[in-house]
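K.L.:
There's a structure below that I have some questions on.
The values are calculated or read from the model by the stated rules, or taken from the named source; none is laboratory data. Computed from a predicted model, the values in this text were never measured in an experiment. Here the Cβ positions follow ideal geometry from the backbone for every residue, glycine too, while neighbour counts run over all protein chains shown. These area figures cover heavy atoms from the full protein model, side chains too; ligands, DNA and RNA do not enter into them. Shrake-Rupley method; radii C 1.70, N 1.55, O 1.52, S 1.80 Å.
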Amino acid sequence: MPQGPGNAVARHLLPTPPRRLGIAVSGGSDSVALLHLLYDFAQTYGTQLQVVSVDHGLRAEAAQESAFVATLCAGLGLPHETVHWTGWDRQGNLQNEARQARYRLIAAWARARDIETVALGHTLDDQAETVLMRLARGAGVDGLSAMSPRRTSGGITWLRPLLDVSRLDLRNILKRRGVTWCDDPSNEDPHFDRVKVRQALAVLEPLGINAEALGQVAFNMSRARDALRWQAFLTARSMAKIERGAVRMNWRGYVTLPDEIARRLLVGAMGWISGSPYPPRRKSVLGLIEALKQGVSATADGCQVSRKSDALWVYREYDPVRDMAGSIGDIWDRRWRLIGEAGSVPLHIAALGPEGLKQLPEWRGLGVPRGVLLSTPAVWNGTNLVAAPLAGFQNGWHARPEFDDEAFFAAVLSH
Ligand SMILES: Nc1ncnc2c1ncn2[C@@H]1O[C@H](COP(=O)(O)OP(=O)(O)OP(=O)(O)O)[C@@H](O)[C@H]1O
């Protein structure tokens, strides 16, 4: 087993070394070191490596940096490609937009090459800088938690094998090997918060507030977050049910939960329904719970949250304008599989909506809020309702929830 940072890499990739691995290399010291460490690993374990660089088209030097990575890879005999970002609409925060675009582009690059895992060069210093920046925003347990060394999103597993390794150690490895790297001038630009934070860390060092200490804080926070996630998961299992594509919880039980658990349950329910990768902000969810206590329903992220007698319901907000067309076999609104027989009459699928409910007066006896039923799928022949999932099969059509309760519980556990 290799020692030092090489060991860190191996620890994240063994005992089952991947057959293929993507590496995102910007040309900076961290990702260049990652490239070399993974190259060593691949020599021993036979992993096929492919390298990608993203040119955001924002700095003149970016093309030279990807050319530098290309030369480096050619020297190591590794395939390298550069992908380009051209999509900035000059709206929003440039750093954020560029970062999100980068992840999207790298994920698309990997998917197109059947690469399931992509390694990134985040280090202990990145971890520490993130903790310090988030302190300024009064972050809670989630915000201060450590980055995960392995995380799946956008269909790709992102691996960060260097989170325990300092930038200094990586640079020393490169210097010993006589390998150079590119210095991104924006890393010195004090307009950026990250640069200010790096300077602040140098000032805090004599107090022992350094990358290791902040990394440890992040690690401890992750453990606290995991405990909260489990508590929320177990609570959801005992008090929440999926009914007609909505989440139903017992209000009297819900209202006695600690804030943090109540919030996680709600965020999990909303995430399961909306499919949004970003949870709503903590403050807005807590505000929403307060509103519910006052008997006020609320909408957020395309979800409606409301109380009906003793139950708290979270369901898809009915939106008459939203295009909710579908066909047989489709998954409709992420949660319903539409099953039926193609006949000679042209049918279409859309939300039940108020028109549908008018044609199904028996809905009142179901004990389910009107809003839940409005946003369930229905089969239409023009303006005539052919089938709706209120009473199981109808006219040879059926819409059954594709995602079972477990998917909702998993959403609670991951938020
Ligand atoms: N232009 C790029 N091309 C390829 N990979 C990149 C590029 N920029 C960053 N990366 C990858 O992301 C890693 C982290 O870099 P950096 O900290 O700048 O990214 P970030 O995405 O802004 O981080 P965070 O996710 O913490 O916001 C790098 O080590 C590298 O693996």
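K.L.:
Answer yes or no: is there a residue in the range 33-48 that is in contact with a strand residue (DSSP E or B) (Cβ under 6 Å, 6 or more places away or on another chain), open to solvent by less than 60 Å² (accessible area, probe 1.4 Å), away from the ligand (no atom under 14 Å from the Cβ) and in a helix (DSSP H, G or I).
P.N.:
Yes: one or more hits.
K.L.:
Quickly run through the range 320-341 and pick out the residues that are crowded, with 20+ Cβ neighbours inside 10 Å, part of a loop (DSSP other than H, G, I, E, B) and modelled with pLDDT of 80 or more.
P.N.:
ASP333, ARG335
K.L.:
Any residue in the range 87-95 that is within 13 Å of the ligand (Cβ to nearest atom), over 28 Å from HIS36 (Cα atoms) and polar (S, T, N, Q)? Give the steps one after another, and end with the answer.
P.N.:
Just the residues of the range 87-95 that are within 13 Å of the ligand (Cβ to nearest atom), to begin with: 93-95.
After this cut, where a residue has to be over 28 Å from HIS36 (Cα atoms) as well, the list is 93-94.
With the extra rule that they be polar (S, T, N, Q), the set shrinks to 93.
Looking for residues that are within 13 Å of the ligand (Cβ to nearest atom), over 28 Å from HIS36 (Cα atoms) and polar (S, T, N, Q), one finds at least one in the range 87-95, hence yes.
K.L.:
Please tell me if THR82 is open to solvent by less than 60 Å² (accessible area, probe 1.4 Å) and either more than 11 Å from the ligand (Cβ to nearest atom) or touching a His at 6+ places or on another chain (Cβ under 7 Å) (or both). Lay out the reasoning, then the answer.
P.N.:
Working: open to solvent by less than 60 Å² (accessible area, probe 1.4 Å): yes; either more than 11 Å from the ligand (Cβ to nearest atom) or touching a His at 6+ places or on another chain (Cβ under 7 Å) (or both): no.
When the stated conditions are applied, THR82 does not pass them.
K.L.:
GLU362 versus (1) at positive phi; (2) open to solvent by 70 Å² or more (accessible area, probe 1.4 Å): which is the lone unmet condition?
P.N.:
(1)
K.L.:
Further, regarding this structure: Which of the following residues is within 12 Å of the ligand (Cβ to nearest atom) and in the same structural domain as THR180 (by TED's automatic domain parsing): GLY75, GLY57?
P.N.:
Details: GLY75 fails: within 12 Å of the ligand (Cβ to nearest atom).
The match here is GLY57.
K.L.:
Also, I was wondering about something else. Among the residues of the range 11-32 satisfying the criterion of being in a loop (DSSP other than H, G, I, E, B) and either touching a His at 6+ places or on another chain (Cβ under 6 Å) or open to solvent by 10 Å² or more (accessible area, probe 1.4 Å) (or both), which is farthest from the ligand (Cβ to nearest atom)? Lay out the reasoning, then the answer.
P.N.:
Within the range 11-32, the first condition is being in a loop (DSSP other than H, G, I, E, B), and the residues that meet it are 14-19, 25-28.
Subsequent filtering for residues that are either touching a His at 6+ places or on another chain (Cβ under 6 Å) or open to solvent by 10 Å² or more (accessible area, probe 1.4 Å) (or both) retains 14-19, 26, 28.
On the way: LEU14: 21, PRO15: 24, THR16: 22, PRO17: 19, PRO18: 16, ARG19: 21, SER26: 3, GLY28: 6 Å.
Among those that are in a loop (DSSP other than H, G, I, E, B) and either touching a His at 6+ places or on another chain (Cβ under 6 Å) or open to solvent by 10 Å² or more (accessible area, probe 1.4 Å) (or both), it is PRO15.
K.L.:
Please pick out the residue among ALA378, ALA350, ALA407, ALA391 that is under 36 Å from the mean Cα position of the chain (by Cα), modelled with pLDDT under 85, open to solvent by less than 60 Å² (accessible area, probe 1.4 Å) and not aromatic (Phe, Trp, Tyr). Break it down into steps so the answer makes sense when it comes.
P.N.:
Working: ALA378 fails: modelled with pLDDT under 85; ALA350 fails: modelled with pLDDT under 85; ALA391 fails: open to solvent by less than 60 Å² (accessible area, probe 1.4 Å).
The conditions single out ALA407.
K.L.:
Quick one: which of ARG20, ARG59 is modelled with pLDDT of 95 or more and farther than 16 Å from LEU174 by Cβ? Steps first, please.
P.N.:
Working: ARG59 fails: modelled with pLDDT of 95 or more.
Being modelled with pLDDT of 95 or more and farther than 16 Å from LEU174 by Cβ holds for just one of ARG20, ARG59, which is ARG20.
K.L.:
On the basis of being open to solvent by 20 Å² or more (accessible area, probe 1.4 Å) and among the hydroxyl-bearing types (Ser, Thr, Tyr), does TYR254 make the cut?
P.N.:
Working: open to solvent by 20 Å² or more (accessible area, probe 1.4 Å): no; among the hydroxyl-bearing types (Ser, Thr, Tyr): yes.
So TYR254 does not fit the description; no.
Yes or no, residue by residue, for (1) hydrophobic (A, V, I, L, M, F, W, C); (2) open to solvent by less than 40 Å² (accessible area, probe 1.4 Å); (3) near the ligand (Cβ under 10 Å from one of its atoms):
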| site | (1), (2), (3) |
| --- | --- |
| ALA110 | yes, yes, no |
| ARG113 | no, no, no |
| THR117 | no, yes, no |
| THR130 | no, yes, yes |
| GLY138 | no, no, no |
| SER145 | no, yes, no |
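Residue-wise test of (1) crowded, with 18+ Cβ neighbours inside 10 Å; (2) without any contact (Cβ under 8 Å) to a residue 12 or more places away in the chain; (3) part of a helix (DSSP H, G or I).
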| position | (1), (2), (3) |
| --- | --- |
| VAL267 | yes, no, yes |
| TRP272 | yes, no, yes |
| PRO277 | no, no, no |
| SER284 | no, no, yes |
| LEU312 | yes, no, no |
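K.L.:
Enumerate the helices (runs of 4 or more DSSP H) found wholly within the range 84-201, keeping only those where 1 or more residues are within 19 Å of GLY28 (Cβ to Cβ). Reasoning before the result, please.
P.N.:
Details: elements: 94-112, 124-135, 141-144, 167-177.
In the range 84-201, 94-112, 124-135, 167-177 are the helices (runs of 4 or more DSSP H) which contain 1 or more residues that are within 19 Å of GLY28 (Cβ to Cβ).
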